[in-house]
Amino acid sequence: MKIAVAGTGYVGLSIATLLSQKNEVIALDIIPEKVEMINNRISPIKDEYIEKFFNEKNLNLMATLDYRLAFQDAEYIVISTPTNYDDEKNYFDTSSVEDIIQKVINMNIDTTMIVKSTIPVGFIEKMKKKYGIDNIIFSPEFLREGKALYDNLYPSRIILGEKSERAEKFANLLKQCALKENIIIKYMNSTEAEAVKLFSNTYLALRVSYFNELDTYAELKGLNSKDIIEGVGLDSRIGQHYNNPSFGYGGYCLPKDTKQLLANYENIPQNLIMAIVKSNETRKKHISDMIMLKKPKVVGIYRLTMKTDSDNFRESAIQDIIESLMEKGVKVIIYEPTLKNKEFNECKVINEFEQFSQESEIILANRYDKQLKDVKSKVYTRDLFSRD
């Protein structure tokens, strides 16, 4: 079967790699360098399993800049283009998704569009009415940065936003290419599937915020935060997972998805959703305040990336902390070996760790690393468990 995938970020490239094990997949992107890398089996994103599959598997995968070549004769077109949140409009910028929809309509082809991009609740129904179409389904993804293909091979669940034969067929394509057995597949309307995506990520943000606020309390009261968290987690209903304090949630999904869900709550009673969004800002301010109590002149930032084994620093919490420190007159330097530029947001970037550690009075590390062992006395982190 021929399948097209529009967009080759974490979502698109992992889906394309997964399905190309047993299908002909053509991936579409607008960046020539990414297309060339994929065709040369070099992953443009950091993902252990994508890199492994590129090296070891005989994938029927091709990338192109030509949408007509990609879409022609494709039974399914997976849309996984970026949808960033627009703070002024209080709405996802879904223009890239709509652009693909318009291209498919203009080609007048018999295909089914599967939207994997994160979208507002009600978007699919809006598109159906706007363009007079019915060949579009939403299917949420639940992937982690750096482990996107792994999470497709061992999915927590597969959700399709339609109860139909074509939805079942696509779900089975995903299932057949996965390694996990007994995968739960659930069918529902696209509007409910859209809500599942936003509520899932907002719950994760809630959990991050909860343990961060617990940690803030423990830090200011001089208590052992790790003991409290472990004691709380011994309740099986809470568990010992996803409970490691951080400088705040960030990345591709949680900041924008929580804000979009809050926007969807317009004229609907709520307190908790707003609190989750505000809690993240409060946490970042607390981290900045704790650093300022030490009265440093030079603060070093150990990595801009959000998580271990990730190359993403979009919306990372540390960036807001950097801005806050600079506004207070602190000089900030950054150690980020993945950056080629010598400057990032007006801060000097140092690629040599020894030089970086010598110049830093305090080193902020969202996640601790063994590289910091010899300068541990300089390190400020809230990473209690040395994991994500």
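The values are calculated or read from the model by the stated rules, or taken from the named source; none is laboratory data. Since this is a predicted model, take the numbers as computed values, not measurements. Neighbour counts run over all protein chains shown; Cβ positions are idealised from the backbone, glycine included. For accessibility, only protein heavy atoms count, side chains too; no ligands or nucleic acids. Shrake-Rupley method; radii C 1.70, N 1.55, O 1.52, S 1.80 Å.
Details
- Only one of the listed residues (Val78, Val25, Val97) is aliphatic (A, V, I, L, M) and out of contact with any helix residue (DSSP H, G or I) (no Cβ under 6 Å at 6 or more places or on another chain). That residue is Val97.
- Tally of residues being of a type in the set (Lys, Arg), touching a residue at least 24 places away in the same chain (Cβ under 8 Å) and either in a strand (DSSP E or B) or surrounded by fewer than 20 Cβ atoms within 10 Å (Cβ to Cβ) (or both) across the range 4-54: 2
- Just one of the listed residues (Tyr91, Tyr49) is among the aromatic types (Phe, Trp, Tyr) and under 26 Å from Met188 (Cβ atoms), namely Tyr91.
- Residue list for the range 372-388, filter: part of a helix (DSSP H, G or I), without any contact (Cβ under 8 Å) to a residue 60 or more places away in the chain and in contact with a Phe, Trp or Tyr (Cβ under 8 Å, 6 or more places away or on another chain): none
- Cβ pairs under 6 Å, 6+ apart, first in the range 202-226 and free of Cβ contacts under 8 Å to residues at least 40 places away in the same chain, second crowded, with 17+ Cβ neighbours inside 10 Å and not in a helix (DSSP H, G or I): Phe211/Asn243; Phe211/Pro245
- Tally of residues being farther than 14 Å from Asp320 by Cβ, open to solvent by less than 10 Å² (accessible area, probe 1.4 Å) and not in a helix (DSSP H, G or I) across the range 245-295: 1
- Count of the range 151-188 residues, restricted to those that are in a helix (DSSP H, G or I) and either among the polar types (S, T, N, Q) or open to solvent by 80 Å² or more (accessible area, probe 1.4 Å) (or both), is 7.
- All conditions in (1) touching a residue at least 60 places away in the same chain (Cβ under 8 Å); (2) outside any helix (DSSP H, G or I); (3) open to solvent by 20 Å² or more (accessible area, probe 1.4 Å); (4) more than 30 Å from Glu125 (Cβ to Cβ) hold for Tyr242, with the sole exception of (1).
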